[in-house]
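**Q** Sharing a structure with you now.
Laboratory data are not the source of any read-out in this text; all were calculated from the coordinates shown. Since the model is a prediction, treat every value here as computed from it, not as a measurement. Heads up, the Cβs are rebuilt from the backbone with ideal geometry, glycines too, and the neighbour counts pull from every protein chain shown.
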Amino acid sequence: MVDPGTIYPSFVEPAPEPGQWSQERLRSLAGELFADAPLVVVSNREPYVHLPDRAKPDGLSWRRPAGGLVSGLDPVLRAVEGGLWVAQGTGEADRLAADAWGRVAVPPDHPSYTLKRVWLHPNEVAGYYEGISNQGLWPLCHVVFLRPRFTIRDWQQYQKVNRRFAEAVLEEVGDGPAYVWVQDYHLCLVPKYLREARPDLTTGIFWHIPWPNPEIFRTCPFGAELLEGLLSADIIGFHIRYHGANFLATVEQTLEARHDRERREIIRSGHTTRVVDIPISVDFDEEEATAQSSETAQWMDEFRNRFKLDRFEHVLLGLDRFDYTKGIPERLMAVDVLLQEHPEYKGKLVFLQVGEMSRIQIAHYQALNDEVEKLAQEINDRHRTADWQPIELSRNPVDRPDLMALFRLADVCVVSSLHDGMNLVAKEYVASRFDEGGVLVLSRFTGAARELPEALLINPYDIRDIAQRLHQALQMPEHQQRDRMRRMRSTVRRNNIYAWAGRFLREMVLGGV
Ligand code: ADQ
């Protein structure tokens, strides 16, 4: 283990890159790229959800659902004039807010693009979303030793729903040209259906989660069809090169196709698909501005009172969508080991685990919920004193200012995913720390770890390793914290969400020119 007192080489801020990506630069690029043909984004999740609200004159309120994809793409479409986003309508008042074609102008407070909602029957959701997507592809690709479940019935719904999404796009674009950017593992077949109907459309897909190696992927009974769907796109994006390399190896072992290694292209039935790696990020400036806002300061006071934080020397935070890939039990076990090995922390630290439940209809998610509650209780019982317990679980939904407040209060933020395509929480924590304080403890098995080597990297399966890094984080001298945080902030500031979108869109439209 590294001695906590080790001097970390001091950091010199690099000169700002002249061409740094910003919302303005993306907007101007988009103006050029989409002057003659619109940009259409297609994803399962919608960027805005409407809810009934009797207190409002129109009877409606709205919110932005949690999730990396939405956090990433909404600023992109806001930066592009006249864009369209096709997604599943899931809010209680979504139909009320939309017109007869499912269209609604968003963001609801400052409309700048159109959201077209696709309405799905509960059976379709069960087969397509809960079935193939989240009980099949999600565990298949994350390789967390949970057996994926694939059934023919779910597969039929998956095909049907993918066709519905493709039809929604075709309905909106008419006969004209368009650039269609499909998102993620829920919609692998959309490029194929689009290509069958309109081979002239340009289509890209971004794969937000890891891609497994061919030995794992070959267990999927619908693997060849999924690959054929994806290879109908002109370009496929992954966060890191390793996922793209796994994809290319999978194609080689599954289908008859020519692989141009130099260009990272697959040529199949006369159609070429290029594979690129472009890491997603956050809107650094916006996250930082939110972190500096008075609303965030108010929330910090609220959390200080709610969790009586002033009593503690150390505040540790875990914040996630509640998911078995995020390594939540592992980090709680590490807190347990830390307190056993360093009882001097008793009464002095608190670990806040914040996370809304998600995918609650799926049994594994309910089991995770029960496991985390039981574990937190056991650990608290083992270490509690008359007026202290180490772990606080919070299930309340959090919005952006409260989320930033939590980050700002956290001396240590723990991201212990067992496997993660990127992980935006890590980058958001970095963006929020304009004071250059705080330590990020980060799983090696996240895409983010490739860009943030200054974090304390952990193997999340090794509880002792996490506990040691927590101790290192808690003991880290302030100057070293600053050096590390400054480097990470410089990386995330430069590789921001606009860089991700700009680079992908340029690759999609201009072919990497
Ligand atoms: P996710 O698995 O959802 O995303 P992540 O990248 O961490 O994971 O994004 C989570 C987002 O939801 C963050 O913006 C975070 O702030 C927000 N969030 C998390 N918990 C929350 C809570 N309790 N309340 C409110 N907001 C919360 C998938 C892939 C990732 C990839 C992203 C983007 O699994 O690997 O980084 O897509 O490509």
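**Q** If you plug each phi of region 23-36 into the Karplus form 6.51 cos²θ - 1.76 cosθ + 1.60 with θ = phi - 60°, what whole-Hz ³J(HN,Hα) values come out, in order, with x for Gly and Pro?
**A** Running phi through 6.51 cos²θ - 1.76 cosθ + 1.60 with θ = phi - 60° gives 4, 5, 5, 5, 4, 6, 4, 4, x, 6, 5, 10, 5, 10 Hz.
**Q** Work the Kirkwood hydrodynamic radius out for the chain: mean of 1/r over every pair of different alpha-carbon atoms, inverted, in Å.
**A** Working: mean 1/r = 0.0419 Å⁻¹.
The Cα-based Kirkwood calculation yields 23.9 Å.
**Q** Tell me, what is a quarter of the convex hull surface for the C-alpha atoms of region 254-296, in nm² with one decimal? Kindly include the intermediate steps, with their values, before the conclusion.
**A** Working: hull surface 22.3 nm².
Across all orientations, region 254-296 yields a mean hull projection of 5.6 nm².
**Q** So for the pair ILE216, GLU92, with labels modelled 7 Å out along Cα→Cβ, what separation do we get in nm?
**A** 3.8
**Q** Where the convex hull is taken over the Cα atoms of region 328-476, what is its projected area averaged over directions, in nm²? Write down the numbers at each step before the final one.
**A** Working: hull surface 36.3 nm².
Average of the hull's projected areas for region 328-476 equals 9.1 nm².
**Q** Please report, in cubic angstrom per residue, the volume enclosed by the convex hull of the alpha-carbon atoms of region 89-134.
**A** Values: hull volume 4.3 nm³, N = 46.
So the per-residue Cα hull volume is 93 Å³.
**Q** Please list log₁₀ I(q)/I(0) at q = 0.14, 0.19, 0.23, 0.24 Å⁻¹ for region 75-171, using the Debye equation with identical point scatterers on the alpha-carbon positions.
**A** Here log10 of I(q) over I(0) equals -0.65, -0.94, -1.09, -1.13.
**Q** Determine the distance separating the Cα centre of region 471-487 from the Cα centre of region 437-463; give it in Å without decimals.
**A** 14
**Q** Once you list every other residue whose beta carbon is under 12 Å from the beta carbon of ILE132, what net charge do they have if Lys and Arg are +1 and Asp and Glu are -1? It would help to have the intermediate numbers written out before the result.
**A** Numbers: positive: ARG149, ARG153, LYS160; negative: GLU124, GLU130, ASP154, GLU225.
Surrounding charge for ILE132 is -1.
**Q** Another question, if that's okay. What does the charge count around CYS141 come to, taking other residues whose C-beta lies under 12 Å from its C-beta (Lys +1, Arg +1, Asp -1, Glu -1)? List each step's numbers first, then the result.
**A** Numbers: positive: none; negative: ASP184, ASP420.
That works out to -2.
**Q** Could you run the Karplus curve 6.51 cos²θ - 1.76 cosθ + 1.60 with θ = phi - 60° over region 198-215 and give me ³J(HN,Hα) per residue in whole Hz, x for Gly and Pro?
**A** Coupling constants for region 198-215: 9, x, 7, 5, 9, 10, x, 9, 10, 9, 7, 10, x, 10, x, 6, x, 5 Hz.
**Q** Could I ask something else about it? Would you mind counting up the charge near LEU231? Only other residues with Cβ under 14 Å from its Cβ, with Lys and Arg at +1 and Asp and Glu at -1. Could the numbers behind the result be given before it?
**A** Working: positive: LYS192, ARG195, ARG258, ARG264, ARG268, ARG274; negative: GLU196, GLU225, GLU228, ASP234, GLU252, GLU256, ASP260, GLU265.
With Lys, Arg at +1 and Asp, Glu at -1, the net is -2.
**Q** Hey, which lysines would be in cross-link range of LYS192, C-alpha to C-alpha under 22 Å, not counting anything within fewer than 8 residues on its own chain?
**A** Leaving aside lysines fewer than 8 places away in the same chain, those within reach of LYS192 are LYS116, LYS160.
**Q** What's the angle, to the nearest 10 degrees (0 to 90), between helix 68-79's Cα axis and the longest principal axis of the chain?
**A** 60
**Q** Same structure again: Please arrange ILE266, ILE205 by counting, for each residue, the other beta carbons lying within 10 Å of its beta carbon, fewest first.
**A** On the way: ILE266 23, ILE205 26.
Placing the least packed residue first, the sequence is ILE266, ILE205.
**Q** Give me a comma-separated list of calculated 3J(HN,Hα) values for region 481-498, in order, Karplus coefficients 6.51, -1.76, 1.60 applied at θ = phi - 60°, integers in Hz, x for any Gly or Pro.
**A** Ordered by residue, 3J(HN,Hα) equals 4, 5, 4, 5, 5, 5, 4, 5, 5, 5, 5, 6, 4, 6, 8, 8, 5, 6 Hz.
**Q** For the chain, with only Lys/Arg (+1) and Asp/Glu (-1) charged at the beta-carbon, what is the dipole magnitude about the Cα centre, in debye rounded to 20? Each step should come with its number before you reach the end.
**A** Working: 60 positive and 73 negative charges, 121 e Å.
So the dipole magnitude of the chain works out to roughly 580 debye.
**Q** Just how many pairs of Lys in region 270-406 have C-alpha atoms closer than 23 Å, counting pairs that are eight or more places apart or on different chains? Display every interim value, and only then the final one.
**A** Details: LYS308/LYS346; LYS308/LYS348; LYS326/LYS374; LYS346/LYS374; LYS348/LYS374.
Final tally of qualifying lysine pairs is 5.
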